[in-house]
Amino acid sequence: MSVIKLFCFPYAGGSAMIYDKWKPYLDNRIELIPVELPGRGKRMKETFKSSLDSLIEYILDSIGEEIKSGQPYAFFGHSMGGLIVHQLLEKIQVSNMPLPVHAFFSGKGAPHIEREKKNYHLMDDETFKQELLKLGGTPPKFFEYPELVDVFLPLLRNDFKIADTEVHTQKINPKTINITAFFGQEERFCIEKRNGWNDYTTGNCTLKYFKGGHFFIHEETKEIVSVINNELIISN
């Protein structure tokens, strides 16, 4: 079969490099394409986007030609990356562009079921730092370097603003693609938010659980990639 492009989107504050360690485990028929968002990694000097709509437009400008090439592709997004994947699918569908063969939502509940919002982006700096530590995605040592905090805290706030201002709607537009949703066994998602992904596809929807909390993505690399290989290659 032809090579499948796998576009991967990071969580809030994350860089595309978080997916580099997937390379040794991915089937050679899958081309890993970690998408770097503005304001981080190789695009550190670019101004980050202040709204979800502008971010989606930016991404489509970056990868639109590859999507329209006719080559099969898939999306993977963790947390805020899952929100990005969902919004991309909506935009791609209404634009009559080719849909992916598969969408992987990781650490992200079904969008039509409203979650409790903490509005992280509105917190004062100290409270925001403590909440970041509780979430587990930011190493404690990060806050020992003021020069890093000065650079990345505004980016983190902006990403959380995008995630916190997600619009919940009861209108669901099912896609003719397969969906897999990944969750940490210790994540606090209600059953409705987990099972809700079934409503977003007329194809197959599979839920997979991994050891750990919200950032299981860092510890369960081999297991995650194994599922992706199976869904994109072995099962087809």
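Only the coordinates and a few stated rules stand behind these numbers; no lab work does. Bear in mind the structure is a predicted one, so any value in this text is a computation, not a measurement. Please note: Cβ atoms are built from the backbone with ideal geometry, for glycine as well, and neighbour counts cover all protein chains shown.
With contributions of -39500 (n - 2.57) from each DSSP H run of at least four residues, the per-residue ellipticity at 222 nm computed over the chain stands at -10000 deg cm²/dmol.
About its Cα centre, what dipole magnitude does region 1-126 give when the only charges are +1 on Lys and Arg Cβ and -1 on Asp and Glu Cβ, stated in debye to the nearest 20? Using Cβ point charges on Lys, Arg, Asp and Glu, region 1-126 gives about 300 debye.
Measuring nothing but how far apart in sequence close Cα pairs (under 8 Å, 6+ apart) lie, relative to its length, region 98-236 scores a relative contact order of 32 percent.
Can you list the lysines whose alpha carbon is less than 16 Å from that of Lys23, not counting same-chain residues fewer than 8 positions off? Once the sequence-local lysines are set aside, what remains near Lys23 is Lys5, Lys222. For region 1-117, the residue among Pro24, Gly82, Gly109 whose Cα projects farthest onto the positive side of the dipole built from Cβ charges is Pro24.
Cross-link partners of Lys211 among aspartates and glutamates, defined as those whose alpha carbon lies under 14 angstrom from its own and excluding same-chain residues fewer than eight positions apart: Glu186, Glu187, Glu219, Glu220, Glu223. Between the listed residues Phe128, Gly203, Met97, the Cα displaced farthest toward the positive end of the dipole of region 82-204, a dipole computed from Cβ unit charges relative to the Cα centre, is found at Gly203. Take every pair of alpha-carbon atoms less than 8 Å apart whose residues are at least six positions apart; their mean separation over the length of the chain yields a relative contact order of 21 percent. Taking the Cα centre of the chain as reference, the dipole from Cβ charges on Lys and Arg (+1) and Asp and Glu (-1) amounts to some 360 debye. Computed about the Cα centre, the dipole magnitude for region 124-236 is approximately 520 debye when only Lys and Arg (+1) and Asp and Glu (-1) carry charge, each at its Cβ.
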